[in-house]
1. Just one of Leu54, Leu41 is closer than 19 Å to Tyr26 by Cβ and either touching a Leu at 6+ places or on another chain (Cβ under 8 Å) or of a type in the set (Val, Ile, Thr) (or both); which is it?
2. Of all residues in region 55-77, which are within 12 Å of the chain's Cα centre (by Cα) and more than 16 Å from Arg5 (Cα to Cα)?
3. Examine region 79-88 for a residue that is surrounded by fewer than 17 Cβ atoms within 10 Å (Cβ to Cβ) and hydrophobic (A, V, I, L, M, F, W, C), and state whether such a residue exists.
4. If you scan region 1-40, which residues turn out to be surrounded by 14 or more Cβ atoms within 10 Å (Cβ to Cβ) and among the polar types (S, T, N, Q)?
5. Inspect region 66-77 for any residue being more than 20 Å from Val23 (Cβ to Cβ) and surrounded by 15 or more Cβ atoms within 10 Å (Cβ to Cβ) and give the result as yes or no.
6. Could you check region 50-61 and list, in sequence order, the residues that are over 21 Å from Tyr32 (Cβ atoms) and either aliphatic (A, V, I, L, M) or surrounded by 12 or more Cβ atoms within 10 Å (Cβ to Cβ) (or both)?
7. How many residues are without any contact (Cβ under 8 Å) to a residue 60 or more places away in the chain and within 20 Å of Glu101 (Cα to Cα) if we restrict to region 11-44?
8. What single numbered condition from (1) under 27 Å from Thr30 (Cβ atoms); (2) surrounded by 17 or more Cβ atoms within 10 Å (Cβ to Cβ); (3) more than 11 Å from the chain's Cα centre (by Cα) fails to hold for Asp96?
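Every number here is computed from the coordinates shown, using simple stated rules; none is lab data. Since we're looking at a predicted model, the values are computed, not measured. So basically every Cβ, Gly included, is an ideal-geometry build from the backbone, and we count neighbours across all protein chains shown.
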Amino acid sequence: MDIERFNADWLQAWTDKDVDRLVAFYSPNTVYKDPQTAHGLTGREALRGYLETLFGSTPPMVYTPDTTWHIDGGFCGRWTCDIGEGGKEGRIRGFDLVLLEHGLIAHNEVYVHSLTDAS
């Protein structure tokens, strides 16, 4: 599997807010955690519901891959995200821990922090 391509395609689905395409990257019993779901979500359908609500309540967000590191069973990926048109509502840097099973995301933990112009 080309991890860099997988990561770029996956982040593009986040940018596009394409719930169906995005959920297809995840295994049926996936575990997903981010700052809003610290205890995590389990399963594609729970993730689907979360994404539909999230995408309906957030401005445009453009995710850009930065660096991808191969690890046993998956990868870690760092990215940036411009929030709002042209990033006018802010910019964040994120880091994903992604564990794969049969080419699908079985476990995904997301960590983020805000960036300032000097970052």
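1. Leu41
2. Residues satisfying the conditions are Met61, Val62.
3. No, the conditions are met nowhere in region 79-88.
4. Asn7, Gln12, Thr15, Ser27, Thr30, Thr37
5. Scanning region 66-77, I find at least one residue that is more than 20 Å from Val23 (Cβ to Cβ) and surrounded by 15 or more Cβ atoms within 10 Å (Cβ to Cβ), so the answer is yes.
6. If the condition is that a residue be over 21 Å from Tyr32 (Cβ atoms) and either aliphatic (A, V, I, L, M) or surrounded by 12 or more Cβ atoms within 10 Å (Cβ to Cβ) (or both), then Pro60 is the only one that fits.
7. Adding up the residues that qualify gives 12.
8. Every listed condition holds for Asp96 apart from (3).
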